[in-house]
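Chemist: One structure follows; several queries about it will come next.
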Amino acid sequence: MKDKVMHPLVELTIARIKESVREPEMLFWVFVFPILLAVALGIAFRESSADTFRIAVEESTGSKGVMKLLLPSEDIEPVMLTSEEAEEQLRKGKIDLIIGIDQIYNVRQEGDALTALVFTYDETRSNSMAARMTGQDAIERGLGRKDIVSIRDNRVETPGSRYIDFLIPGLIGMNLMGSGMWGVGFALVLARTRKLLKRLAATPMRRSHYFLGFMLSRMLFLIPEVAILVVLGRIIFNVRVSGSALDLVIVSILGSMTFAGLGMLVAARSRTIEGASGWMNFIMMPMYILSGCFFSYERFPEFSFPFIRALPLTALNDALRAVINDGRPLYAIWLELSVMSVWLILSVVVSLKIFRWQ
Amino acid sequence: MTLNKKEEISRKQVESNPSAIVCSGVRKYFQEVRAVDGVDLEVRKGECFGLLGPNGAGKTTLVEIIEGLTKPDAGSVEILGYFWGTGNDHAIRERIAVQLQETQLADKLTVEETIRLFRSFFSRGHSVEEVIILGDLEEKRRERVHKLSGGTKQRLALACALVSDPEILFLDEPTTGLDPQARAKVWDAIEGFKLRGGTVVLTTHYMEEAARLCERVAIMDHGRFFAIGTPAELVASLGARDIIEFNVHGNLEADILKDLPGVKAVERKNEGYILKVLSLDVSLPALLSAVEQHQAKIGHLLTRQATLEDVFMSMAGGSLSDER
């Protein structure tokens, strides 16, 4: 008979996968949501270095001359604006730099129309800084500056250094945390509130099989979860995996298991969905912020680094970036792998000890 | 039989042991509540044993202690010759099956998938196909659990318990909340299991169910057994085989009725009385002549055999509950 009942571990894993796949909300949060997030953030924060600078020239006598000097530069898109318009657009980030003509100085110099210019820009914006350099260069060059040294631009795109390169591994890490903790924790608490755990405890099912079934189903699920972001990153944003695919799989499995273990721990005693949800958020929220999903944790004070690096999501994100962006081998990230392993072992051991079947 | 003697027997020859379950002195308190307060019980192989009692009587706690799901504070439970917690738990679980009152099976799995999953936990038993037939679930096999009606869900729960072809089947209120047709289907499945020689421990608060399925029943309240025996014995313990119920218009005192021949007990009921009598042919003519003598009128006269319901009412609703 082809429908032979298989080993309980296999049947538990299959049942778990079927349950997950038949939950449309789960599919959305695990597969669709991260893609939307990646696309939205990837577009919003795409590097504009390849774009041209928008430079406004304030309308006044001599501004036409400035426009003429700026026009030949390929990197500059000059516009003529009144000073009010220019200031407003600078404030809104629509232009990067305003070039004004210093009228007082200009009057004294008579005849010569171009002797003093005022560059107005926001020095906290990197684009403004670059626009200032480019603008000055174009004007001086147009007025016949002789270069002291000849500089040739050799523009290369260094893969792995853009924001999207930083973002994709962070999203993979975040996704593995969310689906691991919710996927395991939520299902366990639900089974307890529905007295299904008690019913299972009354069968000769090996309790280890039950938990292993969860772990295995997570391991299988993780393949599409990770693959979808990696493939999408490659196709849309040209994010390359510079390390080995096998290393990526190993890091992902370890990360996924770690969060499945934490999900188990949260669910080990909770009697209500609400209680468990509270704990999940309590554990995950700080990691969303601290562990470098969307921005580097190096922006936090340096004394906090050891604590942040001890968090499981930081370890996973750092390990993923090391493999995806830097192409480093596993032995170079032994510390991150150890941090995850410790969390995994601790949470599984403790939750098995305190697990409540009724 | 003393406990020592039983242990001896069970050790020597488990298979010829006539007892499926032996409990002695089982006690379980939850803080102040005496859920199970010293219960002795023996369930024989092949019998269907019913536990009757109102909600909160301690039936579920007692059954879960026997099933090894709850640890008793005191007392011992021997099941199929083994004791829980002595390294034989797995062996016991292979041979018993449990249907819990409130279990909701996984919503997103189908009937067949659920049975497959449960089947995989046991080293021996029926095939999935056989269990689907036993539970009368052929038409529903591809339905997901959350789409099933209450009756079908109960049959699935029962099917999941039957996958291992168990020796003892524990059923906790298997038909509560079901319509009569669905209830009859569940009963059919239980009777089928009994016919194959299985032992059943059934918890219920439907007297009709106990009377139909059980060889012996125990009536439980406040954590104790108040009566134990065959349904017929328990009914006989009332001292009355028949019941006469009627409404009265006019003057007919309870004292007069009490003195009528063959009347064991008189209860007031709305506009009339309930008489528990030894036999109808003695008491009914006497009642009618008393009615005539006192120029009263009676209506809605109803006679029936005493049932477990009457036993239960006389215990749970009568003096036994008030004593406490």
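Chemist: Answer yes or no as to whether B:ARG144 is under 29 Å from A:ILE17 (Cα atoms), modelled with pLDDT of 90 or more, within 11 Å of chain A (Cβ to nearest Cβ) and surrounded by 19 or more Cβ atoms within 10 Å (Cβ to Cβ).
Modeler: The answer is no for B:ARG144.
Chemist: Here is a further query. Quick check on A:SER304: is it without any contact (Cβ under 8 Å) to a residue 24 or more places away in the chain, among the small types (Gly, Ala, Ser), farther than 30 Å from B:GLU102 by Cβ and surrounded by fewer than 21 Cβ atoms within 10 Å (Cβ to Cβ)?
Modeler: Yes: the conditions hold for A:SER304.
Chemist: Looking at segment B:108-123 only, could you name the residues that are more than 8 Å from chain A (Cβ to nearest Cβ) and either of a type in the set (Gly, Ala, Ser) or more than 28 Å from the chain's Cα centre (by Cα) (or both)?
Modeler: B:THR110, B:GLU112
Chemist: Turning to a different aspect of this structure: Of the numbered conditions (1) more than 8 Å from chain A (Cβ to nearest Cβ); (2) in contact with a Lys or Arg (Cβ under 7 Å, 6 or more places away or on another chain); (3) surrounded by 21 or more Cβ atoms within 10 Å (Cβ to Cβ), B:LEU100 fails exactly one; give the number of that condition.
Modeler: (1)
Chemist: If you don't mind, another one. Counting only residues that are within 12 Å of chain A (Cβ to nearest Cβ) and not hydroxyl-bearing (Ser, Thr, Tyr), which one in segment B:157-167 is surrounded by the fewest Cβ atoms within 10 Å (Cβ to Cβ)?
Modeler: My answer is B:PRO166.
Chemist: Does B:LYS59 qualify as being of a type in the set (Lys, Arg) and surrounded by fewer than 18 Cβ atoms within 10 Å (Cβ to Cβ)?
Modeler: Judged against the criteria, B:LYS59 is not a match.
Chemist: Is it the case that B:GLU102 is closer than 17 Å to B:GLN154 by Cβ and under 26 Å from the mean Cα position of the chain (by Cα)?
Modeler: Spelling it out, B:GLU102 is indeed closer than 17 Å to B:GLN154 by Cβ and under 26 Å from the mean Cα position of the chain (by Cα).
Chemist: Do any residues in segment B:52-64 that are small (Gly, Ala, Ser) have Cβ atoms under 9 Å from those of residues that are assigned to a loop (DSSP other than H, G, I, E, B) and surrounded by 23 or more Cβ atoms within 10 Å (Cβ to Cβ), where the two are at least six apart or on different chains, and which pairs are they?
Modeler: The qualifying pairs are B:ALA57/B:GLY223; B:GLY58/B:GLY223.
Chemist: Here are some residues: B:VAL33, B:VAL63, B:VAL43. Which one is more than 21 Å from B:PRO174 (Cβ to Cβ) and among the hydrophobic types (A, V, I, L, M, F, W, C)?
Modeler: Matching residue, one of B:VAL33, B:VAL63, B:VAL43: B:VAL33.
Chemist: Answer yes or no: is there a residue in segment A:175-189 that is touching a Pro at 6+ places or on another chain (Cβ under 7 Å) and among the hydrophobic types (A, V, I, L, M, F, W, C).
Modeler: No.
Chemist: Conditions: (1) crowded, with 18+ Cβ neighbours inside 10 Å; (2) within 12 Å of another protein chain (Cβ to nearest Cβ); (3) among the hydroxyl-bearing types (Ser, Thr, Tyr). B:THR152 meets all but one. Number of the miss?
Modeler: (2)
Chemist: Now a separate question. Scan segment B:32-39 and give yes if some residue there is modelled with pLDDT of 90 or more and out of contact with any Lys or Arg (no Cβ under 6 Å at 6 or more places or on another chain), otherwise no.
Modeler: Yes, there is a match, as at least one residue in segment B:32-39 is modelled with pLDDT of 90 or more and out of contact with any Lys or Arg (no Cβ under 6 Å at 6 or more places or on another chain).
Chemist: Further question on the same structure: Within segment A:220-257, which residues are under 20 Å from the mean Cα position of the chain (by Cα) and of a type in the set (S, T, N, Q)?
Modeler: Matches in segment A:220-257: A:ASN238, A:SER242, A:SER252, A:SER256.
Chemist: To continue, here is another question. Kindly indicate whether any position in segment A:2-10 is crowded, with 19+ Cβ neighbours inside 10 Å, within 8 Å of chain B (Cβ to nearest Cβ) and closer than 18 Å to A:MET219 by Cβ.
Modeler: Scanning segment A:2-10 turns up at least one residue that is crowded, with 19+ Cβ neighbours inside 10 Å, within 8 Å of chain B (Cβ to nearest Cβ) and closer than 18 Å to A:MET219 by Cβ.
Chemist: Are any residues in segment B:269-302 of a type in the set (D, E, K, R) and closer than 17 Å to B:LEU238 by Cα, and if so, which ones?
Modeler: Within segment B:269-302, just B:LYS276 meets the criteria.
Chemist: Of the conditions (1) in contact (Cβ under 8 Å) with a residue 12 or more places away in the chain; (2) part of a loop (DSSP other than H, G, I, E, B); (3) more than 8 Å from every other protein chain (Cβ to nearest Cβ); (4) more than 23 Å from A:LYS195 (Cβ to Cβ), B:ASP37 fails just one. Which one is it?
Modeler: (2)
Chemist: B:THR103 fails exactly one of the following numbered conditions: (1) of a type in the set (S, T, N, Q); (2) touching a strand residue (DSSP E or B) at 6+ places or on another chain (Cβ under 8 Å); (3) closer than 25 Å to B:ALA20 by Cβ. What is the number of that condition?
Modeler: Unmet condition: (2).
Chemist: Could you tell me whether A:ARG328 is farther than 28 Å from A:ALA44 by Cα, touching a residue at least 24 places away in the same chain (Cβ under 8 Å), exposed (fewer than 14 other Cβ atoms within 10 Å of the Cβ) and not polar (S, T, N, Q)?
Modeler: No, not satisfied.
The values are calculated or read from the model by the stated rules, or taken from the named source; none is laboratory data. Bear in mind that the values here come from a model prediction, so they are computed numbers and not experimental data. FYI the Cβ positions are ideal-geometry reconstructions off the backbone, even for glycines, and counts take in every protein chain you see.
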